[in-house]
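The values are calculated or read from the model by the stated rules, or taken from the named source; none is laboratory data. Model, not experiment: these values are computed from the prediction. Backbone-built Cβ (ideal geometry, glycine too); neighbour counts: all protein chains shown. Surface accessibility is based on the protein's heavy atoms, side chains included, excluding ligands, DNA and RNA. Shrake-Rupley method; radii C 1.70, N 1.55, O 1.52, S 1.80 Å.
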Amino acid sequence: MNSNQTSKNTFAITTPLYYVNDLPHIGSAYTTIAADVVARFERLRGKSVLLITGTDEHGQKIERTAEASGRSPQEHCDTIAAGFDQLWQKMNIAYDRFSRTTNPRHGAIVKEFFQRVWDNDDIYLSQQTGWYCVACEEFKDKRELLENNHCPMHPNREVEWRDEQNYFFRLSKYQPQLEALYQDRPDFIRPEIRRNEVLSFVQQGLQDFSISRVNVAWGFPVPVDPKQTLYVWFDALLGYVTALLDPEQEPTLENALSKWSPINLHLIGKDILRFHAVYWPAMLMSAGVPVSGGVFGHGFLTKDGQKISKTLGNIIDPLDLVERYGSDALRYYFLKEIEFGRDGDFNETRFINILNADLANDLGNLLNRTLGMVKKYCQGQVPKVNPEEIGDKNGLKAAGVTLGDRVTCAYEGLQFSQGCEEILSLVRGCNKYIDEQAPWKLYKQGEQQAVEQVLYAVLESVRLSAYLLSPIIPNISTAIYQQLGYSIDFNDQTAIASALNFPTHSSWGILESDRVLGEAKPVFARLELSNQASS
Ligand SMILES: Nc1ncnc2c1ncn2[C@@H]1O[C@H](COP(=O)(O)OP(=O)(O)OP(=O)(O)O)[C@@H](O)[C@H]1O
Ligand SMILES: [Zn+2]
């Protein structure tokens, strides 16, 4: 990240603008959860955050899908966009902007941006011949295709031959600038494997690409030639810029770029890496707009080894899962179980086992039994212990004092599963510590001070764990904090940073001893595998 990005106190992050060819599936949910977690983490540590999500609504695929369902394209888009929004509410996604590319304000931004690129002499008319995948909305090289001319990303779809006059964007002109970008900012494309993929693609030599289509009505007209329609990707990527506008601002590029630009991070799946890591920065360079902070291309959720996708139709319905298991459960599972960047299969039995082990047993029961002992042995109040007096040899304290920094590093690096592991290892340490110290025995032996130290160390470790997990499981963290006597809600995203100061709450040893604890209640009910479960 460049110095401008690290020093500014704003943080803008995007999910892809999902294509409205169908309702969302758990793959769409996966990216959005991850982006929400990053956004919540940045808000927690006091940044002013803009989380952008939305829908990409133009292009041939939408035109055809709407036609097949007997609706007008706009009606179709409205229905599906509402479906995405509904899911984000259920998943507890605290987005700030929902960018829809059929919004007329977006049209104004696209037009102005096109003009800048045109004025820079980066657009020209030429003949486009090649194989086109309508599902990808992308031309494919013959050598990329599977047998029988099928798209590798959509093995059930045949590509179509195109031979037409289109407007082209001079991508090749930006090859040296792009190479310099990747060189100067090694973090621009993450993870490493994706960066290498892009470097080798660019090294082969960049070709100009067409940014208009003929015979596609559903899209913005090319400003200089209304008989042609702008290529859906040209318009879709600009949806991020439109989203930067405040609702009451006039839709001009200057306004859009005034506060949040450059966008800090684009979170995407690896399928759309080229668009974000190659085409998009070149388009921004051409229009004289600052290039974004970076792109992270995560892996695929798969079913039986194959990418889950709307076009393939092998979807798992996230709405159904969230209704049965709750948003925290899904959020935790996806981020803990799959190393971010790699592919991962979804398996409902494993899902249930992990949640029961980590959240119901290790974390939930720990709090519950500790609060029970505090009630019995310490009159229901946080024991009067000075954390300074707990020796550095105490394993919980030793792990706890460095945990905030370690987990911060994990969130910054989008290593969510590692962050969860670090926290869970403290939680498991607590359970072990209680068994070893056996406070009930110490109490019987009249060792009141020792009992209080043990229970304090555990409560404080649970508090810290809940705080650091709050971007992932905000509801459970809220329940834990409330039982520890704080009247706060981690979902209150505008107040959270000032209510719970990050440097303080991410440290170990801050639980005040006179705090009156709340009523002990299970924070996460054990899950049962329902008969609807897929495996
Ligand atoms: N199986 C998946 N695993 C992880 N992320 C996915 C998956 N499928 C889609 N996504 C997310 O959605 C983005 C693609 O959005 P899009 O609307 O094109 O979904 P899609 O299901 O891949 O569509 P289609 O099947 O029609 O190509 C990906 O970049 C990624 O962010
Ligand atoms: Zn395809």
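Rolling a 1.4 angstrom probe over the protein chains, ignoring ligands and nucleic acids, what is the accessible area of Thr229 in square angstrom, nearest 10?
Surface accessible to solvent at Thr229 totals approximately 10 Å².
What spacing in nm lies between the two simple spin-label points modelled at Lys521 and Arg428, each 7 Å away from Cα in the Cβ direction?
3.0
Report the extension gain between Gln449 and Asn491 in nm, rounded to one decimal, defined as 0.36 nm multiplied by the number of residues separating them, less their alpha carbon distance.
Values: separation 42, 0.36 × 42 = 15.12 nm, distance 3.66 nm.
Fully extending the segment from Gln449 to Asn491 adds 11.5 nm.
With r defined as the distance between the Cβ atoms of Arg157 and Thr504 and R0 fixed at 41 Å, what FRET efficiency is calculated, to the nearest 0.05? All intermediate terms of the calculation are to be shown ahead of the outcome.
On the way: r = 54 Å, r/R0 = 1.32.
The value I calculate is 0.15.
Considering only the other residues whose Cβ falls under 13 Å of the Cβ of Gly107, what net charge follows from Lys and Arg at +1 and Asp and Glu at -1? Before the final figure, lay out each step's value.
Details: positive: Arg100, Arg105, Lys111; negative: Glu57, Glu112, Asp235.
Charge balance in the 13 Å sphere: 0.
In what sequence, largest accessible area first, do Phe41, Phe220 appear using a 1.4 Å probe? List each step's numbers first, then the result.
Numbers: Phe41 5, Phe220 40 Å².
I get Phe220, Phe41, largest accessible area first.
Would you calculate a helix-derived [θ] at 222 nm for the chain, using -39,500 (n - 2.57) for each DSSP H run of n ≥ 4 and dividing by the full residue count, to the nearest 500?
Values: 21 runs with 238 residues, N = 535.
The helix contribution divided over the chain gives -13500 deg cm²/dmol.
What does the charge count around Thr402 come to, taking other residues whose C-beta lies under 15 Å from its C-beta (Lys +1, Arg +1, Asp -1, Glu -1)? Walk me through the numbers on the way to the answer.
Details: positive: Lys393, Lys397, Arg406; negative: Asp392, Asp405, Glu421, Glu422, Glu460.
Surrounding charge for Thr402 is -2.
Leaving out ligands and nucleic acids, note down the accessible area per residue over the chain with a 1.4 angstrom probe, in whole Å².
Details: 21560 Å² over 535 residues.
Computed with neighbouring chains in place, this is 40 Å² per residue.
So what is the relative contact order of the chain, in percent, for Cα pairs below 8 Å that sit 6 or more residues apart?
16
In what sequence, highest mean first, do 207-216, 279-288 appear when ranked by Cβ atoms within 10 angstrom? Show your work: numbers first, answer last.
On the way: 207-216: 19.0, 279-288: 21.0.
The most tightly packed comes first, giving 279-288, 207-216.
Show me the ranking of peptides 463-471, 92-100 by mean Cβ neighbours inside 10 Å, starting with the highest. Please list the in-between numbers first.
Working: 463-471: 26.2, 92-100: 20.0.
My ranking of the peptides, most packed first, is 463-471, 92-100.
Could you pull the accessible area for Lys521 with a 1.4 Å probe, rounded to 10 Å²?
Looks like 110 Å² after rounding.
Please report the carbon-and-sulfur percent of the accessible area for the range 3-345; probe 1.4 Å, protein heavy atoms only, DNA, RNA and ligands left out.
Values: 6040 of 12970 Å².
About 47 percent, which is the carbon plus sulfur part of the accessible surface.
At 0.36 nm per residue, minus the direct Cα-Cα distance, what do Thr252 and Thr408 gain on full extension? Give it in nm, one decimal, please.
On the way: separation 156, 0.36 × 156 = 56.16 nm, distance 3.64 nm.
Using 0.36 nm per residue and subtracting the Cα-Cα distance, I get 52.5 nm.
By per-residue mean of other Cβ atoms within 10 Å, what is the highest-first order of 449-458, 267-276?
Values: 449-458: 22.6, 267-276: 20.8.
By packing density, highest mean first, the sequence is 449-458, 267-276.
Return the sequence-ordered ³J(HN,Hα) values of the range 52-57 in whole Hz as given by the Karplus equation 6.51 cos²θ - 1.76 cosθ + 1.60 applied to θ = phi - 60°, using x for Gly and Pro.
Rounded to whole hertz, the list is 10, 9, x, 9, 9, 10.
List the residues, sorted by chain then number, that are 5 or more residues from Gln165 or on another chain and whose placed amide H is less than 5 Å from its amide H.
Under 5 Å from the amide H of Gln165 lie the amide H atoms of Gln128, each far enough along the sequence or on another chain.
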